[in-house]
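To start, the structure itself, in structure tokens.
The values are calculated or read from the model by the stated rules, or taken from the named source; none is laboratory data. Everything numeric in this text was worked out from a predicted model, so none of it was measured. Virtual Cβ from ideal backbone geometry, glycine too; neighbours counted across all protein chains shown. These accessible areas exclude ligands, DNA and RNA; they are computed on the full protein's heavy atoms, side chains included. Shrake-Rupley method; radii C 1.70, N 1.55, O 1.52, S 1.80 Å.
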Amino acid sequence: MNISKFLYLGVLGVFALTSCSDDDDNTTDMNNGTADLYATSHADGNVTKYNLLTNEATVYTTTATDAEGIYYSPEDDSFTIASRGATQNSLQTYISISDLVSTTASLNVDITGPAALQSARDLAVSGNFYVVSDNTANNNRLFVFERSNGSFTLSRTINVDFPLWGIEFVNNDLYAVVDTTNELAVFTNFLSSNPSDASISASKRVAVEGIVRTHGLDYDGDTMVLTDIAAAADGNFDTDGAIHVISNFNTKFNAVANGETLELTNQIRISGASTLLGNPVNVVYDAEADAVYVAELANGGGRVLAFSSVSSNTSGTATPAVNNSLTGVSSLYLYKN
């Protein structure tokens with residue numbers, strides 16, 4: 001199934017995606033395949049699934065009260081979230097979620113990981129390994145969990161020398177946001193280079209010109225998208241955010257030396273009051289549709305925003321094609337098949 005177009009109508013304010021059938025008559029089949037956008041929330045731990053083909057939404061009530069970081073696995077039709085809070089500090093997996101087709105569904109957790117987390121920020125998955133970035137005042141850690149035989153085990157704990165937020169696997173390399181800065185770091189061959197507990201430094205760190213404080217990141221089709229939350233509070237904090245779109249990312253990033261700057265001329269920056277971007281804490285990029293989905297936490301108390309044709313845009317302001325309220329939205333995951 002080829003989801004080739006990003007339009008909009010329906011449940012997310014306005015969402016639709018066209019898909020091409022296997023025959024040659026160019027007939028659109030809106031029900032062929034899967035295109036689901038998952039969103040977590042700080043407000044209640046719920047997970048909202050937006051079906052981008054049918055314009056339907058399902059709200060899953062989980063046992064978490066706060067979540068940040070989510071991944072969907074088609075192998076057992078499950079999503080895994082990183083739960084947060086004083087008494088909830090683990091990965092939680094919920095299996096066979098698509099069997100529940102009502103608009104709201106209450107779930108019981110099927111797999112609970114070890115209680116190791118303190119302040120989860122993001123979740124990145126490579127094979128059976130689930131990596132959680134965890135950022136506290138005294139500890140900046142990457143917890144590596146292995147999912148096997150219906151359970152999670154803590155495989156290793158990696159201490160790093162900078163505060164973490166968003167993380168993203170690009171092949172075997174793990175990219176990480178350097179919180180409170182405009183920097184992006186990479187850990188080359190992260191899993192194979194760190195087979196056990198360790199304290200490490202990034203393989204490379206670069207500054208991203210134009211960003212005040214980066215937070216979220218996502219990579220698809222050799223395009224990296226980063227978010228800039230700028231001020232976290234006070235003033236115009238709810239409208240001072242931005243997204244940065246970097247096409248031909250590998251070539252551009254590799255050309256920048258460790259400690260140097262990726263120049264704004266090699267990026268597209270989308271910002272301004274009309275974008276409704278204030279604290280864009282998480283982001284998903286769909287290269288095939290050239291669409292960016294944003295978890296915007298500050299503006300309006302929480303919004304799921306989307307922007308189309310982002311790689312062909314020029315730096316400047318834009319109006320979101322989608323503007324949907326979701327209180328406390330914290331992270332997103334897009335699954336297409």
Estimated distance in nm for a label pair at Glu288 and Thr317, the labels positioned 7 Å out from Cα along Cα-to-Cβ: 3.4
Net length gained if the chain between Glu146 and Thr54 were fully extended (0.36 nm per residue, minus Cα distance): 29.7 nm
Compactness of the chain - radius of gyration and Dmax, Cα, Å: 18.9, 60
Whole-Hz couplings from phi, Karplus 6.51/-1.76/1.60, listed for region 103-119; x for Gly and Pro: 6, 9, 8, 9, 10, 9, 5, 9, 9, 10, x, x, 7, 10, 6, 10, 8
Packing rank of 199-205, 299-305, where each peptide gets the mean count of other beta carbons within 10 Å, highest leading: 299-305, 199-205
Farthest toward positive dipole pole in region 256-337 [+1 Lys/Arg, -1 Asp/Glu at C-beta], among Tyr285, Val256, Thr319: Thr319
Heavy-atom surface of region 197-304, accessible at 1.4 Å and reported per residue (Å²): 35
Total lysine pairs under 27 Å (Cα atoms) in the chain, excluding pairs fewer than 8 apart on one chain: 4
Sequence ranges 218-224, 282-288, 149-155, 78-84, ranked by mean other-Cβ count within 10 angstrom, highest first: 78-84, 282-288, 218-224, 149-155
Pairwise label distance in nanometres, Ala273 with Asn258, each label 7 Å out on the Cα-Cβ vector: 4.5
Given charges at beta-carbon only (K, R positive; D, E negative), |dipole| of region 55-183 in Debye: 360
Karplus-derived 3J(HN,Hα), 6.51/-1.76/1.60, for each residue of region 145-162, Hz, glycine and proline x: 9, 10, 9, 7, 6, x, 8, 10, 10, 7, 6, 6, 10, 10, 8, 10, 9, 7
Whole-Å distance, taken between Cα centres, linking region 264-297 and region 118-154: 26
Accessible-area composition of the chain, carbon plus sulfur, in percent [1.4 Å probe]: 43
Estimated inter-spin distance, Asn139 and Thr188, nm [label 7 Å along Cα→Cβ]: 3.0
Using a Förster distance of 41 Å, the FRET efficiency for Asn128-Asn236 (Cβ separation, nearest 0.05): 0.40
Theoretical FRET efficiency, 1/(1+(r/R0)^6), r = Cβ-Cβ of Ala198 and Asn248, R0 22 Å, to 0.05: 0.10
Check: the chain dipole with +1 on Lys, Arg Cβ and -1 on Asp, Glu Cβ, in debye: 760
Modelled FRET efficiency - R0 45 Å, Ser325 with Asn172, Cβ distances, 0.05 increments: 0.75
J(HN,Hα) series, region 266-279, from Karplus relation 6.51 cos²θ - 1.76 cosθ + 1.60, nearest Hz, glycine and proline x: 9, 9, 10, 10, 10, 7, x, 4, 6, 6, 6, 8, x, 10
